[in-house]
Amino acid sequence: MDVSSLFAHVDHVLVAEFDIDKGSSLSYQYPLETGTDVHMLADLMLPDGAHLREEDWTMFFLNQPIMGQESGSETLTSNIPDHIRHSLLPASAYQYDANRGWSTIGPEPTIQLQLAEKCTIWDDRCTQVVTEFNLSEVEYRRNGPLCSYLFVRGQTWAIRFCSEDDEIYFLDAIDRVLDGAVENTTELPPPPPQEQNRKPLLYVLNLVRTKHISGVRRGARVKAMAIASRHNSVHAFKPLLLLALDKYFTTPSIDVVTELYKSINAMDVSLMPRLSTLEKKILRASEDRSLFEEKFQDAVDGMPNSPGVDRLIRSGSVDTTASFASARQGRESAVPQDGQPVLVRAGTQTKPSNKDRHYFETKVAYGGIKVPIRIPLTAYSEEIGDFSVSKFLSSFGQASAINPPPGPSKDTPPPSLQWKNGAPFHWHPHLDSGPQTHPIIVLMNALLSEKRVLFLGDKRPSGEVAHYVLAACALAGGGGSILRGFAERCFPYVSLAGLDYLLAVPGYIAGVTNPVFEEQPAWWDVLCNINTGKITVSPLLTGSASNGLRDSTGKEREKDRDWMRAGSWEGDNEFIQEALLAVLSHTGELHVRQRFHDYIRRTVDVCAAYEIDTFGTSSIAVLGHHVEHAELGFGPFFNDSLLRKRETFMLGNRIEGWRQSKSYRNCQQDFQVYLHRRAIKSLDVRYLLSALRSPQTMMEPIAIRTFLGLQDALAGGDDDMVIELLSLLPQSQGGVFPIAVGLFHARWELRRACVRLLRRIGWHKVGQKFIGHLNAFVQVVYQRIHGEFYRGEVPPGVDLLHVEWNEIGSRVSSIEGFLRRDSNAKTPRNVTMDDSQMKPVRETTQPTPSSPPHPSTPPRQSSTTPPTALSPVVKRLLQQQQQKQEQLRAKLTALKDDGVFVTDIMNPEFGKEFVRDDKVEVGKNVGEKSDVGKGEIGKGEEGAPLAPKRGASMPKVEVRKCKKSYVIFFFLILLGDFFLG
């Protein structure tokens with residue numbers, strides 16, 4: 001590969017040196033020139049103070065848009081109708097001809113792919129259709145991330161997508177049509193050339209090293225080598241850059257640069273699994289290394305990535321209500337129902353792997369050495385480099401890290417509280433809600449509202465400063481998964497020579513090491529000093545905010561509402577406390593980033609609610625016409641209307657600042673693409689799951705309709721629907737537990753819908769992992785409730801062979817210790833199940849006889865629900881509880897003549913036959929309505945009292961005429977049994 005290729009992992013290799021006479025100079029640009037000024041490149045590669053350190057890593061970007069200009073794809077499609085633009089996939093493409101080689105369809109290689117009933121390739125401005133074909137006519141071969149060859153009607157196309165989601169969306173569409181990925185195995189043509197005029201955003205990893213050599217001028221040589229790539233994981237090539245620069249010090253020739261370029265681009269990543277943003281969210285929030293194991297196994301075996309069970313469901317060949325239970329016999333199978341075909345996929349059983357599936361491991365041959373390379377798979381598009389969010393929070397996480405704005409004069413203190421639109425602020429209405437606002441919140445709001453943010457690290461390595469800049473960019477937009485556009489205005493390192501270029505970019509985020517910047521507040525809006533850990537707001541920015549922003553309504557609100565005078569917003573304080581606690585607890589890096597991800601998502605939701613309340617509509621929220629069942633709820637979720645009003649009012653000024661930024665416009669475009677590509681279109685799933693996390697929702701009738709709606713939406717859906725649902729249920733926040741709570745609901749309709757929903761989740765391989773990570777007791781309840789509606793079937797997702805029975809036994813024993821009231825009846829602390837006990841559980845294929853009704857459990861009302869099939873663990877618990885009640889019955893019999901009556905909290909009707917009418921009064925007569933509760937207490941055929949109906953309150957028990965000595969004696973017995981037990 002002697003020329004730069006469209007499919008290259010690295011676009012350029014650069015070499016710079018410092019000469020005592022010439023200064024910083026650029027030695028090589030291979031294979032092509034970058035198009036950037038050579039003097040600027042040399043200054044970036046040889047940062048200030050590089051000669052004072054033996055080694056320094058740094059990063060910088062190339063080809064960023066300046067003067068606020070839009071990116072190429074946005075400019076080209078700005079005049080296209082919305083219904084077409086939202087279905088377009090921008091890409092770069094070349095067409096191959098055996099005689100002419102690679103050629104473009106126009107002056108530029110940029111095209112627009114449109115997926116509808118057919119696949120249409122437009123020119124860059126969507127004015128002319130180049131070709132049109134059915135997806136069933138397409139074969140493809142994936143060359144690596146974003147890069148694929150398409151073979152259509154004898155023609156060969158080389159396509160490079162702009163984002164991983166676009167690539168996955170296109171290739172998955174081909175997979176679904178062809179009933180599985182079909183990859184062409186013909187010989188490939190030479191690699192396509194790189195675009196000549198279009199300049200993509202490049203991430204540059206730079207290594208500068210100082211070697212002290214005797215005999216040379218000043219006793220040292222300073223050289224730097226850098227690689228420029230379109231991949232945000234360019235830091236994965238650090239080992240190769242180290243070897244190459246060492247070799248270049250020994251042999252300073254172009255051959256070293258050429259060998260490095262060819263070695264990296266020869267790296268084979270065709271087996272790298274493709275993960276969408278939703279799948280990355282699932283993988284990031286889990287510590288399970290076996291998630292998406294099938295994608296890695298398919299790659300190793302050379303098999304195409306299979307869409308999974310959804311093909312049979314979509315074609316109607318499998319009943320969606322059938323059980324897809326797994327048989328652990330070296331294959332995956334489905335239990336046939338009513339003559340339906342059995343899904344069998346043999347030979348796919350894999351052994352548990354200890355590899356971290358957050359990375360793709362490969363090797364690159366360089367200089368006779370196979371260098372291991374680990375490419376991160378879960379990094380979002382704007383998570384660039386190997387920065388640390390924990391270190392970032394530790395530096396600027398102190399509440400006193402922000403400097404107050406100066407007053408009008410040196411002797412006059414600054415005003416403590418100002419007002420705009422009735423809301424308080426201290427520095428600027430876009431930045432804070434009062435003087436007590438945490439400095440991290442001020443910094444986040446500055447990034448969202450496109451203020452100029454500068455990180456200063458005097459006499460610090462430029463690589464350390466760059467890490468702070470990259471961390472700030474990633475946190476402000478959720479790594480690019482929620483908001484994007486921060487990388488385009490990010491400058492991890494800038495020297496004083498690039499000041500003019502920096503000031504030309506509005507809202508830049510930059511890092512510098514020269515202390516001159518601190519003395520020029522006109523160059524920045526917010527300054528973050530890494531040395532001192534202080535954040536300073538420019539006095540020019542605060543001065544402009546103070547002019548004409550006080551209003552009369554603010555003073556009235558200040559008097560009437562104490563919460564407005566707190567100096568900060570309570571939601572910000574809760575978020576910061578959780579984030580700092582996660583850092584102090586040494587939780588994982590991804591867990592801390594997830595906190596900021598949730599905060600940015602909440603900010604977008606509040607903005608949507610603000611727009612709906614102010615303008616009546618929003619372009620970044622799901623509205624009623626976007627879903628089929630609007631009665632279940634849609635849009636941003638709030639616990640109550642008062643909280644919604646307070647939050648939108650307090651954050652209104654920040655929202656107005658963000659609505660004027662480019663990231664807001666990008667969010668509008670991305671949301672329209674989301675509405676077009678989402679898998680579940682009948683419901684606003686995120687709203688419903690947020691409602692289920694609210695305790696009050698589960699107590700309302702809407703909970704039943706919510707579960708029924710989710711059940712119906714996923715019943716006939718494909719695997720994409722399950723992935724979209726699971727991406728909103730991160731395992732770090734409990735996984736599917738908000739859904740599993742429905743198993744404990746009093747209404748059988750909701751329990752049945754919950755079981756059906758968990759069954760559909762369990763049919764998916766990733767869903768099985770989620771159900772397997774539920775609490776052991778929740779899994780036991782799931783098995784029991786599942787047996788009520790699907791008798792004789794193993795619940796999908798619950799692998800009985802891998803249930804931690806020892807853990808369950810130890811917990812059951814601890815509960816038995818509290819239930820036990822007889823010190824003579826000892827129960828072992830560790831209850832385990834041997835193989836003879838486990839065998840019936842493994843081979844459960846027939847309905848088990850229902851257990852005798854538990855005396856403390858009210859009988860079920862007559863309904864369509866089948867009898868209960870209890871697991872052995874639950875049976876043992878019921879038997880032990882029955883024994884305890886018999887022991888308590890004996891004690892009550894011995895004490896009945898002394899006028900003592902105690903109510904069993906688990907069965908309030910128990911023991912009433914021992915109560916004498918002249919000593920105890922229980923509400924009203926048995927058979928009448930109780931004045932205390934809402935339920936009724938009836939009589940049996942022989943006059944025996946029945947348990948109250950579901951929802952009935954416990955009857956009031958009044959104890960009279962009890963001798964004090966006997967009461968004290970009885971409670972001493974209970975107290976002694978408790979401690980002895």
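The values are calculated or read from the model by the stated rules, or taken from the named source; none is laboratory data. Worth saying up front: this structure is predicted, and the values here are computed from it rather than measured. Cβ atoms come from the backbone with ideal geometry, glycine included; neighbour counts cover every protein chain shown. Please note that ligands, DNA and RNA were not included when accessible areas were found on the heavy atoms of the full protein model with its side chains. Shrake-Rupley method; radii C 1.70, N 1.55, O 1.52, S 1.80 Å.
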Task: Where only C-alpha atoms are counted, convex hull volume of the range 678-811 per residue in Å³ - done: 111
Task: Heavy-atom surface of the range 678-811, accessible at 1.4 Å and reported per residue (Å²) - done: 34
Task: With all protein chains modelled, accessible area of E628 [1.4 Å, Å²] - done: 130
TODO: Could you compute the FRET efficiency for K391 and D97, with r as their C-beta to C-beta distance and R0 at 56 Å, rounded to 0.05?
DONE: 0.60
Open item on the list: Using a 1.4 Å probe on the protein heavy atoms, what percent of the accessible area of the range 689-764 belongs to carbon and sulfur?
Closed with: 57
Open item on the list: Just to check, using Stokes-Einstein with a Kirkwood Rh over alpha carbon pairs, what's the diffusion coefficient of the range 583-662 at 20 °C and 1.002 mPa s in µm²/s?
Closed with: 150
- [ ] Run the quick spin-label model on E287 and T131: label points 7 Å from Cα toward the beta carbon, then report their separation in nm to one decimal.
- [x] 5.1
TODO: With a ≥ b ≥ c taken as the square roots of the eigenvalues of the C-alpha gyration tensor of the range 643-751, please select rounded if a/c is under 1.5 and otherwise prolate if a/b is larger than b/c or oblate if it is not?
DONE: oblate
Open item on the list: Less than 18 Å from a label point 7 Å out along the Cα-to-Cβ axis of H51: which backbone N atoms in the range 3-35 qualify, by residue?
Closed with: 16-27
Task: T251/S641 FRET efficiency (R0 60 Å; Cβ-Cβ; nearest 0.05) - done: 0.25
Task: For the range 117-130, Karplus couplings with θ = phi - 60° (6.51, -1.76, 1.60), whole Hz, Gly/Pro x - done: 5, 10, 9, 10, 9, 9, 6, 5, 9, 6, 9, 8, 7, 7
Open item on the list: For a test of the definition: using alpha carbon positions, the gyration tensor, and the 1.5 limit on a/c, classify the range 82-179 as rounded, prolate or oblate.
Closed with: rounded
- [ ] Amide H neighbours of S27 under 5 Å, at least 5 residues apart or on other chains, H built in the peptide plane: list them.
- [x] V15, A16, E17
Task: Protein accessible area in the range 82-179, 1.4 Å probe - carbon and sulfur % - done: 41
TODO: Compute the length gained on full extension between I213 and R659: take 0.36 nm times their separation in residues and subtract their Cα-Cα distance, giving the result in nm to one decimal.
DONE: 154.9 nm
Task: Cβ-derived FRET efficiency at R0 56 Å, A504 paired with H676, nearest 0.05 - done: 0.95
- [ ] Give me the number: length gained by fully extending R693 to S400, i.e. 0.36 nm times residue separation minus the C-alpha to C-alpha distance, one decimal in nm.
- [x] 102.0 nm
Task: With every protein chain in place, the range 613-663: carbon and sulfur % of accessible area (1.4 Å) - done: 52
Task: Approximate spin-label separation K238-A566, in nm, with each point projected 7 Å along Cα-to-Cβ - done: 4.1
Open item on the list: Which entries of K420/K645; K118/K765; K238/K459; K199/K262; K223/K247; K199/K238 have Cα-Cα distances beyond 19 Å here?
Closed with: K118/K765; K238/K459; K199/K262; K199/K238
Task: Virtual spin-label span in nm between E117 and F777, 7 Å along Cα→Cβ - done: 5.7
